[in-house]
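Take a look at the structure set out below.
Just so it is clear, none of the values below were taken in a lab; they were calculated from the coordinates. Source: prediction; values computed, not measured. Cβ coordinates were reconstructed from backbone atoms using ideal geometry, including for glycine residues, and neighbour counts include every protein chain displayed.
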Amino acid sequence: MSTRNFALIGGVIMLAMGCLALVPALSSGLNSLPVLYVNTSYGLFLDMFPMNIFNKAALIVFGLAGMGCYFARDQSVHYSMIFAKTVFWVMGALAILGLFPQTNTLSGYLPLFGYEVIAHGIFAVAGGYFGYLAMRENTQQHNPHGWHKV
């Protein structure tokens, strides 16, 4: 799979998760969840992922960005690489913050604990692969002779 396809598939997954998480029937209540300053749309999505409105909005934005990168005309590979690298750094940082009790609610605004750590970690690993490791593969597809533009 190419970085461009990662931008599309990752974008669709993130957009779907963000939109589906807004459906109240798919989220359970606040039982045993830490108290946040922002309780809007706060609950366990699919009884697994703690989310509030900030998580959901971020997923929708990332999803739209990934799809936009895929459909960019001349620069889709370049934008897809930027998207993958951004996913790597943002999701990786959030996964790491979620590991520590002092930062797992991001000062009471963003739930980053439980399965959110795993989800952010998976997105970060995929973004790192497609943003950095698959980059050689992508540049060879578009520049088979290895010539560099000056």
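Data overview
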quantity: Extreme residue, surrounded by the fewest Cβ atoms within 10 Å (Cβ to Cβ), among residues of the range 68-81 that are within 18 Å of ALA58 (Cα to Cα) and touching a helix residue (DSSP H, G or I) at 6+ places or on another chain (Cβ under 7 Å); calculated: CYS69
quantity: Subset tally (residues that are of a type in the set (S, T, N, Q), closer than 15 Å to THR105 by Cβ and surrounded by 15 or more Cβ atoms within 10 Å (Cβ to Cβ)) for the range 28-59; calculated: 2
quantity: Candidate set from the range 107-122 (those that are under 17 Å from the mean Cα position of the chain (by Cα) and surrounded by fewer than 15 Cβ atoms within 10 Å (Cβ to Cβ)); member that is farthest from SER41 (Cα to Cα); calculated: ILE122
quantity: Verdict on ALA93 being under 27 Å from THR3 (Cα atoms) and free of Cβ contacts under 8 Å to residues at least 40 places away in the same chain; calculated: yes
quantity: Among (1) over 19 Å from PHE130 (Cα atoms); (2) part of a helix (DSSP H, G or I); (3) touching a residue at least 12 places away in the same chain (Cβ under 8 Å) - the single one LEU30 does not satisfy; calculated: (2)
